[in-house]
1. Could you please let me know if ALA251 is more than 30 Å from LEU55 (Cβ to Cβ) and in contact with a helix residue (DSSP H, G or I) (Cβ under 9 Å, 6 or more places away or on another chain)?
2. Scan (1) open to solvent by less than 50 Å² (accessible area, probe 1.4 Å); (2) not in a helix (DSSP H, G or I) for the single condition CYS148 breaks and write down its number.
3. If I ask for residues that are among the aromatic types (Phe, Trp, Tyr) and either more than 19 Å from ARG154 (Cβ to Cβ) or in a helix (DSSP H, G or I) (or both), which ones from region 247-288 would you list?
4. Please state which one of GLY240, GLY274 is within 16 Å of the chain's Cα centre (by Cα) and open to solvent by 10 Å² or more (accessible area, probe 1.4 Å).
5. Would you point out which residue out of LEU162, LEU174 is in a helix (DSSP H, G or I), touching a Gly at 6+ places or on another chain (Cβ under 8 Å) and at pLDDT below 90?
6. On the given criteria, is ALA223 closer than 30 Å to PRO44 by Cα, open to solvent by 50 Å² or more (accessible area, probe 1.4 Å) and assigned to a helix (DSSP H, G or I)?
7. Would you call GLY221 within 26 Å of GLY38 (Cβ to Cβ) and either over 17 Å from the mean Cα position of the chain (by Cα) or modelled with pLDDT under 90 (or both)?
8. Could we say that VAL159 is touching a Cys at 6+ places or on another chain (Cβ under 6 Å), closer than 21 Å to ALA286 by Cβ and either aliphatic (A, V, I, L, M) or surrounded by fewer than 20 Cβ atoms within 10 Å (Cβ to Cβ) (or both) here?
Amino acid sequence: GIGVGGLGSDCYVLASEFIGPSWQSRTGNAQAAIFAVGGTLLAPVALCMPGWRSLALVSALPAAAYVPVFLLGVAESPRWLLAQGRADEAARVLLRVGVVNGATAQGTPPPKLATSGGGGGGGGAGAPTSGRDEAAGELRCGAVGRLCSTAALRRRTGVMVLCWFAASFSYYGLSLNAGNLEGSLHANFALSVAVEIPADLLAGWLCDRVGRKITLAAAFGAAGALCLSCAVLPASLTAGAAMLGKFAISAAFAIVFVYTAELFPTPLRNVGMGVSSSAARIGGMAAPSVILLADLLGARAPNVVFGSAGAVACCGVLLLPETKGRPMPETVADCDDARGRSSRRRNSMSTRKLRVAPLSESDGDAPVDEGAPVVWSPASESTDGHTHGVK
């Protein structure tokens with residue numbers, strides 16, 4: 001359980017930092033759909049297992065088999081490497097990206113990355129950047145404390161904690177509540193998970209067309225309304241409303257992964273995802289207790305509680321900025337909502353563009369040619385959705 005809690009958010013952050021903004025939603029929600037496929041397959045596997053210990057062992061085997069694949073075949077995030085001042089390693093990763101996507105010829109030597117402008121002129125690959133300064137700031141005052149360092153970050157952190165708690169609380173609650181519905185437990189569980197697949201795909205499509213903020217608010221609102229309606233609907237319609245509520249909350253759970261990664265700056269992105277995911281674990285732990293209300297107040301009571309959580313989260317989302325089509329923030333300053341609305345595209349990385357400097361024995365601190373081609377920066381991510389490699 002501890003491993004799964006961290007695995008999901010870490011894998012998503014790593015994947016998102018290799019992907020351009022126009023593909024963030026589709027790839028993020030595709031990951032959620034794959035999760036739902038695994039959940040659907042769990043029901044027939046459970047039927048074949050003699051007990052929960054055997055089921056737990058079989059469920060852990062795919063994750064164990066993936067460890068060597070992950071260690072040997074997955075590169076470190078170039079965004080994180082640059083934030084740590086490890087520009088040479090980032091250059092090698094970007095060269096691999098360029099070779100894979102066809103932007104760079106095989107055998108091209110790794111470029112030398114440098115920062116230009118801002119903070120006192122150009123510097124070599126090892127020159128301090130604002131991202132590196134922020135990484136050092138995390139060590140001084142604690143990464144979690146940095147999430148509360150500005151009003152914008154406090155608002156984003158607070159709302160995301162609420163959203164992740166509500167999503168997990170309602171998601172796992174509705175999944176566990178399948179046992180209180182009429183029919184086979186295994187069939188009801190498989191159906192409740194299967195509805196997540198179209199929900200995740202629809203969420204990805206809507207995020208690209210409408211935006212993250214409105215889609216997430218609508219998903220939480222729909223889940224809340226459908227679950228609350230179980231209090232007044234006839235018993236014959238309660239199961240259908242609960243399944244539709246599971247459809248909506250599944251879409252919300254998929255979107256919060258995408259939205260959270262786009263709200264936090266690179267030095268704090270993994271921390272922000274971790275804190276939010278921790279809130280989700282708390283929600284997941286609280287959900288089984290609510291299921292017990294069915295014995296005290298009737299089968300409708302749990303759905304009312306889960307619906308109330310979704311309604312509160314819907315209101316919280318309205319306090320956040322839209323991130324659709326915007327570069328992922330690189331520094332805490334990029335999270336200033338007022339700047340983000342009007343000038344993030346123009347200013348967020350204008351003082352820290354990454355450029356190619358010829359590999360030579362010259363001093364790495366020599367000024368960088370402003371006419372040199374841009375290798376990579378969040379501001380250079382094109383609308384085709386790909387992180388372009390070395391050109």
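The values are calculated or read from the model by the stated rules, or taken from the named source; none is laboratory data. None of the values given here were measured: they were computed from a predicted structure. Note: ideal-geometry Cβ built from the backbone for every residue, glycine included; neighbour counts use all protein chains shown. To get the accessible areas, we keep the full protein, side chains included, count just its heavy atoms, and leave off ligands, DNA and RNA. Shrake-Rupley method; radii C 1.70, N 1.55, O 1.52, S 1.80 Å.
1. Judged against the criteria, ALA251 is not a match.
2. (1)
3. Selection gives PHE247, PHE253, PHE257, TYR259.
4. GLY274
5. Answer to the selection: LEU174.
6. It is false that ALA223 is closer than 30 Å to PRO44 by Cα, open to solvent by 50 Å² or more (accessible area, probe 1.4 Å) and assigned to a helix (DSSP H, G or I).
7. Against the criterion (within 26 Å of GLY38 (Cβ to Cβ) and either over 17 Å from the mean Cα position of the chain (by Cα) or modelled with pLDDT under 90 (or both)), GLY221 does not qualify.
8. No, not satisfied.
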